[in-house]
Amino acid sequence: MSTRLACVVFDAIEPRVVARFWSELLGWEVTVDRPDGVDVAAPDPDGLDVALTFLPARQSKSAKNRIHLDLSSRSLDHQQMQVDRALALGARVLDIGQGAVPWAVLADPEGNEFCVLEPREHYVDTGAVAAIVMDTQDPLRLAEFWSTASGWPVTHDSARYAGIRSATGQGPWLEFLRTPEALCERSRLHLDLIAFPTDDPAEEAARLRAAGAFPVKAGTPPPNDPVVVLADPETNEFCLLQADSD
C-alpha cells in the first residue's frame, strides 16, 4: 500500500492569473482550465515533475506561507534571466529578512513566496522546480512522515533541514527547513497525495493517520468521498485523492 505526491495546490483569488504566471515562468503547460481550478504541468509526460493546481479562494493571502517553491538555475546568468522574467510576468522582489544571500526571494502576483536559486550541483537534474520547501520545527520528523506518505526515501538530514526525493532520482526534492518562529496560520499552498488504483483510499488514510496525520474535520468521512482532508504532524493540511478523482 502507498500513495504518491500528485501536486502542489495554490489557493488563489484569481486562479487563471496565477496559473498563467507559473506556466510562463516554468515553461510548463496548462493541462486543465475550468471554473473550479486550473492545472499546470511539465510538458514531458514521462517526467516526474509534480504538477501545480490553482483553486479559487475567497480571502487574500495575509501571512507568510509555510510552503514555497525553489527554482533551479544553470548559471548565474540564467539565474538573473529567471529573476528578470519573473519580474516581467508580475512578480516582485521580497524581503523576508533573508539578508545578503546568493538566491533571489520573490513573490508571485498574489504574494506567494518563491526563490530563484543560484546554480547548485544538488539540483542539476531536477527540472525547473528544484525543491518544494516546507517550514518546520522538526525537519527529520516531518521528513519521515512525508517519506511514508510519498514513498520517497529520506536522503539527507541535519539540524537545519532534511530532504526526500523519488528513488528514481528524477523531479524536485521535498525539503523541510527548520524555522525557529512559531508556524503561521493555514498556508495558501498545500500538497495533494493520490492513492494508487489498486489501493483502498480508506486504508491509505488509516495508514497515514498511523504515521502521525490527523483528520482536519471531526467525524468519519463518507466511504466514497473522493477527497479526504488530513493534516501532517505539524498541522499542514493536505488532501488524499482517489485514483480516479479529477
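Would you point out the residue of region 99-122, among those that are among the aliphatic types (A, V, I, L, M) and closer than 25 Å to Arg188 by Cβ, that is surrounded by the fewest Cβ atoms within 10 Å (Cβ to Cβ)?
For region 99-122, the residue satisfying everything is Val101.
Determine, yes or no, whether Val133 is β-branched (Val, Ile, Thr) and either at pLDDT 95 or above or surrounded by 14 or more Cβ atoms within 10 Å (Cβ to Cβ) (or both).
So Val133 fits the description; yes.
Given the criteria within 30 Å of Thr148 (Cβ to Cβ) and at pLDDT 95 or above, does Ala12 qualify?
Details: within 30 Å of Thr148 (Cβ to Cβ): yes; at pLDDT 95 or above: yes.
Against the criterion (within 30 Å of Thr148 (Cβ to Cβ) and at pLDDT 95 or above), Ala12 qualifies.
Determine if region 167-184 includes at least one residue that is of a type in the set (S, T, N, Q) and either at pLDDT 95 or above or touching a helix residue (DSSP H, G or I) at 6+ places or on another chain (Cβ under 8 Å) (or both). Walk me through how you get there before you give the answer.
Residues of region 167-184 that are of a type in the set (S, T, N, Q), as a first pass: 168, 170, 179.
From what's left, either at pLDDT 95 or above or touching a helix residue (DSSP H, G or I) at 6+ places or on another chain (Cβ under 8 Å) (or both): none.
Among the residues of region 167-184, not one is of a type in the set (S, T, N, Q) and either at pLDDT 95 or above or touching a helix residue (DSSP H, G or I) at 6+ places or on another chain (Cβ under 8 Å) (or both), which makes the answer no.
Which of the numbered conditions does Arg141 fail, given that it passes all the others? Conditions: (1) surrounded by fewer than 14 Cβ atoms within 10 Å (Cβ to Cβ); (2) among the charged types (D, E, K, R); (3) closer than 18 Å to Arg160 by Cβ.
Among (1) surrounded by fewer than 14 Cβ atoms within 10 Å (Cβ to Cβ); (2) among the charged types (D, E, K, R); (3) closer than 18 Å to Arg160 by Cβ, Arg141 violates only (1).
Could you list, in sequence order, all residues of region 145-163 that are closer than 17 Å to Asp192 by Cα and free of Cβ contacts under 8 Å to residues at least 24 places away in the same chain?
Ser147
Of everything in region 109-161, what is of a type in the set (D, E, K, R) and in a loop (DSSP other than H, G, I, E, B)? Give them in sequence order.
Within region 109-161, Glu110, Glu118, Arg120, Asp125, Asp138, Arg160 meet the criteria.
Determine, yes or no, whether Gly169 is of a type outside the set (Val, Ile, Thr) and more than 19 Å from Arg66 (Cα to Cα).
Working: of a type outside the set (Val, Ile, Thr): yes; more than 19 Å from Arg66 (Cα to Cα): yes.
Yes; evaluated as a whole, the condition is true for this residue.
In region 183-205, which residue that is more than 20 Å from the chain's Cα centre (by Cα) and part of a loop (DSSP other than H, G, I, E, B) is farthest from Ser62 (Cα to Cα)?
Step by step, filter region 183-205, then rank; the result is Thr198.
Which of the residues that make up region 219-230 are at pLDDT 65 or above and surrounded by fewer than 17 Cβ atoms within 10 Å (Cβ to Cβ)?
Asp225, Pro226, Val227, Val229
The values are calculated or read from the model by the stated rules, or taken from the named source; none is laboratory data. On a predicted model such as this, the values are computed, not experimentally measured, just so you know. When we count neighbours, we look across all protein chains shown, and the Cβ atoms used for this are built from the backbone with ideal geometry, even at glycine.
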